[in-house]
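Peer 1: Let me begin by handing over the structure; questions about it come next.
The values are calculated or read from the model by the stated rules, or taken from the named source; none is laboratory data. Bear in mind the structure is a predicted one, so any value in this text is a computation, not a measurement. All Cβ positions, even for glycine, are placed from backbone atoms using ideal geometry, and neighbour counts span all protein chains on display.
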Amino acid sequence: MTRVATVLFVYAHPDDESFGIAGTAMKLRDEGHITGLLTLTRGDVGMWFGKEKGSWTPEELARERSKEWREATTVIGFDHCRLLEWPDGALGDSPVDRVTADVVQLVRELRPEVVCTFGPEGAGSEHDDHRAASFFALRGFHRAGLADQYPDRGPAHQAKRLFFNASPFIADFPIIAMTPTHTIDIKKYEERKKQAFECHKTQFKDRDRFYQMIERRRGKESFHLAVDRSGTASSADDLFR
Ligand SMILES: [Zn+2]
């Protein structure tokens, strides 16, 4: 890559960043690019590893997960981070125009070339919040470029590319495939990616799944180019070219 560009990652929960794109975010920043993360919920209705169900309130969990998110995002090292308070478990039931406006606002502030989010299938796990994050990111991606949409949220900016997190089809494996078009080698960043996940202590029920995923991906993170308004030929190991 030859010039500085900006990429914005949009996801649903604290820990989505560590599972999916941590290595790519670290690599891009090391290469001099600008990285931003928008997390739409504080994960307030998830489980709390090591605690009996019902022994905490959603607000307590939200506070703890917000702290974990700050630690993990510090390990990853984003240039910009924003954690919103849309309801965990009900992101899809949230007011469409207000959530979209929040995405539009950050797109217009950071003015990224590239936006990355989950695929509409919910990133293999079929989580409804992941599907909703995908919907809002895609809606925000397009509408941020239209000056007559959300004029109170900053001057229009059309990002060039939108990517979904991708994972290839695996026979007899219970995830929905999203065919990769781009694959980023993150081997060098794998240890720091693990450190980022280790910040999410309330979510250690997913720890085995995280390490199995690391194993399965063999030092790679994959993306599916879903929208390309750059008019340039695609390069399979670079999100900008
Ligand atoms: Zn999630």
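Peer 1: Taking segment 20-36 as the region of interest, how many residues are within 13 Å of the ligand (Cβ to nearest atom) and modelled with pLDDT of 95 or more?
Peer 2: As a first pass, look at segment 20-36 and keep what is within 13 Å of the ligand (Cβ to nearest atom): 20-21.
Filter once more, so that each one left must be modelled with pLDDT of 95 or more: 21.
Residues meeting the conditions: 1.
Peer 1: Of everything in segment 49-70, what is over 14 Å from Gln203 (Cα atoms) and either touching a Cys at 6+ places or on another chain (Cβ under 7 Å) or not in a helix (DSSP H, G or I) (or both)? Give them in sequence order.
Peer 2: Gly54, Ser55, Trp56, Thr57, listed by residue number.
Peer 1: Next up: What is the one condition in (1) at pLDDT below 95; (2) of a type in the set (D, E, K, R); (3) within 24 Å of Phe78 (Cβ to Cβ) that Asp172 does not satisfy?
Peer 2: Failing condition for Asp172: (3).
Peer 1: Given (1) surrounded by fewer than 15 Cβ atoms within 10 Å (Cβ to Cβ); (2) in contact (Cβ under 8 Å) with a residue 12 or more places away in the chain, identify the lone condition not met by Ala156.
Peer 2: All conditions are met except number (1).
Peer 1: Any idea how many residues of segment 50-92 are among the aromatic types (Phe, Trp, Tyr), at pLDDT 95 or above and either under 18 Å from Phe19 (Cα atoms) or surrounded by fewer than 18 Cβ atoms within 10 Å (Cβ to Cβ) (or both)? Steps first, answer last, please.
Peer 2: Going residue by residue through segment 50-92, those that are among the aromatic types (Phe, Trp, Tyr) are 56, 69, 78, 86.
Add one more test, that the residue is at pLDDT 95 or above, and what stays is 69, 78, 86.
The next check asks that each one be either under 18 Å from Phe19 (Cα atoms) or surrounded by fewer than 18 Cβ atoms within 10 Å (Cβ to Cβ) (or both); those that pass are 69, 78.
Total meeting the criteria: 2.
Peer 1: Looking at Val45, is it out of contact with any Lys or Arg (no Cβ under 9 Å at 6 or more places or on another chain), in a loop (DSSP other than H, G, I, E, B) and within 16 Å of the ligand (Cβ to nearest atom)? Don't jump to the end; show me each part of the working.
Peer 2: Numbers: out of contact with any Lys or Arg (no Cβ under 9 Å at 6 or more places or on another chain): yes; in a loop (DSSP other than H, G, I, E, B): yes; within 16 Å of the ligand (Cβ to nearest atom): yes.
The answer is yes for Val45.
Peer 1: On to the next question. Tell me yes or no: at least one residue of segment 222-239 is modelled with pLDDT of 95 or more and farther than 30 Å from Gly145 by Cα.
Peer 2: Checked segment 222-239: no residue is modelled with pLDDT of 95 or more and farther than 30 Å from Gly145 by Cα.
Peer 1: Select from segment 204-218 the residues that are farther than 27 Å from Lys53 by Cα and loosely packed, with under 15 Cβ neighbours inside 10 Å and write down the one among them that is modelled with the lowest pLDDT.
Peer 2: Looking only at segment 204-218, we keep the residues that are farther than 27 Å from Lys53 by Cα, and these are 214-218.
Now restrict to residues that are loosely packed, with under 15 Cβ neighbours inside 10 Å: 215-216, 218.
Numbers: Glu215: 95, Arg216: 91, Arg218: 94.
Filtering segment 204-218 for residues that are farther than 27 Å from Lys53 by Cα and loosely packed, with under 15 Cβ neighbours inside 10 Å, the one modelled with the lowest pLDDT comes out as Arg216.
Peer 1: Return yes when Ser55 is in contact with a Pro (Cβ under 9 Å, 6 or more places away or on another chain) and among the hydroxyl-bearing types (Ser, Thr, Tyr) and no when it is not.
Peer 2: The answer is no for Ser55.
Peer 1: Can you work out which of the residues in segment 85-98 that are in a helix (DSSP H, G or I) and away from the ligand (no atom under 16 Å from the Cβ) is nearest to Ala62 (Cα to Cα)? Working first, answer last.
Peer 2: Of all residues in segment 85-98, those in a helix (DSSP H, G or I) come to 91-93, 96-98.
From the residues that got through so far, the ones that are away from the ligand (no atom under 16 Å from the Cβ) too are 93, 96-98.
Working: Asp93: 19, Val96: 22, Asp97: 24, Arg98: 21 Å.
Among those residues, the one meeting the criterion is Asp93.
Peer 1: As an exercise: evaluate Leu40 against (1) within 21 Å of Leu110 (Cβ to Cβ); (2) surrounded by fewer than 21 Cβ atoms within 10 Å (Cβ to Cβ); (3) out of contact with any Ser or Thr (no Cβ under 8 Å at 6 or more places or on another chain) and give the number of the one condition it does not meet.
Peer 2: (2)
Peer 1: Let me ask another. Quick check on my filter: what residues within segment 182-222 are in contact with a strand residue (DSSP E or B) (Cβ under 7 Å, 6 or more places away or on another chain) and acidic (Asp, Glu)?
Peer 2: We begin by selecting, within segment 182-222, every residue in contact with a strand residue (DSSP E or B) (Cβ under 7 Å, 6 or more places away or on another chain); these are 182-186, 219-222.
Across segment 182-222, the qualifying residues are Asp185, Glu221.
Peer 1: State yes or no: is Leu40 assigned to a helix (DSSP H, G or I) and either in contact with a Phe, Trp or Tyr (Cβ under 6 Å, 6 or more places away or on another chain) or among the β-branched types (Val, Ile, Thr) (or both)? Outline the logic, then answer.
Peer 2: Details: assigned to a helix (DSSP H, G or I): no; either in contact with a Phe, Trp or Tyr (Cβ under 6 Å, 6 or more places away or on another chain) or among the β-branched types (Val, Ile, Thr) (or both): yes.
Criteria not met by Leu40.
Peer 1: Can you pull out every residue in segment 176-203 that is surrounded by fewer than 16 Cβ atoms within 10 Å (Cβ to Cβ) and among the hydrophobic types (A, V, I, L, M, F, W, C)?
Peer 2: Of everything in segment 176-203, those that are surrounded by fewer than 16 Cβ atoms within 10 Å (Cβ to Cβ) and among the hydrophobic types (A, V, I, L, M, F, W, C) turn out to be Ile176, Ala177.
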